[in-house]
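J.: Take a look at the following structure, please.
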Amino acid sequence: MEDAHCTRDPASFAASQLGCKEHWDKVYDRELANFHESGEAGEVWFGEDVALKMVDWVCDNVSDKGARILDVGCGNGHLLAELADSGFTDLTGTDYSPQAIELARNVAGGSHAIRFEVQDFLDAADVARIAGDGGFDVVLDKGTYDAISLKPQDAAGGPAVDQAAIDAYPQSVAASLKDSGVFLITSCNWTEDELTARFSGLFACAGRVRHPTFRFGGAVGQTVTTIALKKI
């Protein structure tokens, strides 16, 4: 729930299988098998409405259909498929799960507007490889930072989160973007104020997407946060 007076330390989260690559490899193994069996593209994380609001924001705020756009943790590539349908022509999706990338390529069906690559987004060399010489105009994240915030600190899967990974992520986003590029992030773990604080020093808030709100204990909140952050 949104609370302008409360920001949490990432260490207050307990590590989860949702932050483990092995978990997502298994998820996309299943979804890839389902695709080959039934043609179903798989789950749209956070739901279709949230995804389409992100697409609408890009369409409303990025006038150049040739803008370079990166979706980090792209999963089945749903966001990029919607952007391709909206006329964008230079789209890249990356994920650390090879199974996710295989699924996304199958779902995209050879679209010339989208390329998909396996990428370790916490590795500086891999970030530079995908960004190339110019960098991206827009980076999208729908739940990837949430997953990284739950990454276990050790291979044994203990309760402590990997603070180094959490801290590395904003640097990777900045390194992926051109000067004054925009980062559009959707989270169900972090509020707008918390995201702005986590990415401060590298980014400034440049806009937000409104989602349905609820009221509890006199406070108004929403279960999903989407904000645009501009590289400074």
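The values are calculated or read from the model by the stated rules, or taken from the named source; none is laboratory data. What you see is a predicted model; the values in this text were computed from it and never measured. Heads up, the Cβs are rebuilt from the backbone with ideal geometry, glycines too, and the neighbour counts pull from every protein chain shown.
J.: Looking only at the stretch 31-45, decide whether some residue is of a type in the set (D, E), in a loop (DSSP other than H, G, I, E, B) and at pLDDT below 95.
T.: Yes, because at least one residue in the stretch 31-45 is of a type in the set (D, E), in a loop (DSSP other than H, G, I, E, B) and at pLDDT below 95.
J.: Hey, T213 hits all of (1) closer than 24 Å to G47 by Cβ; (2) at pLDDT 95 or above; (3) touching a strand residue (DSSP E or B) at 6+ places or on another chain (Cβ under 6 Å) but one; which does it fall short on?
T.: (2)
J.: Further question on the same structure: Identify all residues within the stretch 92-101 that are crowded, with 17+ Cβ neighbours inside 10 Å and under 24 Å from N34 (Cβ atoms); write none if there are none.
T.: Of all residues in the stretch 92-101, those crowded, with 17+ Cβ neighbours inside 10 Å come to 92-97, 99-101.
Once the filter is applied, which keeps residues that are crowded, with 17+ Cβ neighbours inside 10 Å and under 24 Å from N34 (Cβ atoms), the stretch 92-101 yields G93, T94, D95, Y96, S97, Q99, A100, I101.
J.: Filter the stretch 158-177 down to the residues that are in contact with a helix residue (DSSP H, G or I) (Cβ under 9 Å, 6 or more places away or on another chain) and more than 19 Å from Q119 (Cα to Cα), then identify the one that is surrounded by the most Cβ atoms within 10 Å (Cβ to Cβ). Spell out how you get there, then give the answer.
T.: The initial filter retains those residues of the stretch 158-177 that are in contact with a helix residue (DSSP H, G or I) (Cβ under 9 Å, 6 or more places away or on another chain), namely 160-163, 165-173, 175-177.
Subsequent filtering for residues that are more than 19 Å from Q119 (Cα to Cα) retains 160-161, 163.
Values: A160: 12, V161: 23, Q163: 14.
The residue in question is V161.
J.: Starting from the stretch 18-40, keep only residues that are closer than 20 Å to L122 by Cβ, then list their pairs with residues that are of a type in the set (A, V, I, L, M) whose Cβ atoms are within a distance under 7 Å, requiring at least 6 positions of separation or different chains.
T.: Final answer for the pair search is L18/A147; L18/L150; G19/A147; G19/I148; G19/L150; W24/A100; Y28/A100; Y28/L103.
J.: Does I114 satisfy the criteria of being surrounded by 14 or more Cβ atoms within 10 Å (Cβ to Cβ) and more than 26 Å from R30 (Cα to Cα)?
T.: Against the criterion (surrounded by 14 or more Cβ atoms within 10 Å (Cβ to Cβ) and more than 26 Å from R30 (Cα to Cα)), I114 does not qualify.
J.: With in contact with a Phe, Trp or Tyr (Cβ under 8 Å, 6 or more places away or on another chain) and surrounded by fewer than 23 Cβ atoms within 10 Å (Cβ to Cβ) as the only criterion, which of D133, D137, D146 stands out? Before you say what the answer is, go through the steps one by one.
T.: On the way: D133 fails: in contact with a Phe, Trp or Tyr (Cβ under 8 Å, 6 or more places away or on another chain); D137 fails: in contact with a Phe, Trp or Tyr (Cβ under 8 Å, 6 or more places away or on another chain).
Exactly one of D133, D137, D146 is in contact with a Phe, Trp or Tyr (Cβ under 8 Å, 6 or more places away or on another chain) and surrounded by fewer than 23 Cβ atoms within 10 Å (Cβ to Cβ), namely D146.
J.: Continuing with this model, one more query. Among the residues of the stretch 56-91, how many are in contact with a helix residue (DSSP H, G or I) (Cβ under 7 Å, 6 or more places away or on another chain) and closer than 15 Å to I114 by Cα? Step through it out loud before you land on a result.
T.: So the first thing to find is which residues in the stretch 56-91 are in contact with a helix residue (DSSP H, G or I) (Cβ under 7 Å, 6 or more places away or on another chain), and the list is 58, 69-79, 81-83, 86, 91.
In the following step, the residues that additionally are closer than 15 Å to I114 by Cα were identified as 69-79, 81-83, 86, 91.
Within the stretch 56-91, residues that are in contact with a helix residue (DSSP H, G or I) (Cβ under 7 Å, 6 or more places away or on another chain) and closer than 15 Å to I114 by Cα number 16.
J.: Let me ask something else about it. Looking at the stretch 13-43 only, could you name the residues that are buried (at least 17 other Cβ atoms within 10 Å of the Cβ) and in contact with a His (Cβ under 6 Å, 6 or more places away or on another chain)?
T.: Selection gives nothing.
J.: Using the structure shown, decide if R115 is farther than 24 Å from W190 by Cα, of a type in the set (K, R) and touching a strand residue (DSSP E or B) at 6+ places or on another chain (Cβ under 8 Å). Give the derivation first.
T.: Working: farther than 24 Å from W190 by Cα: yes; of a type in the set (K, R): yes; touching a strand residue (DSSP E or B) at 6+ places or on another chain (Cβ under 8 Å): yes.
Yes.
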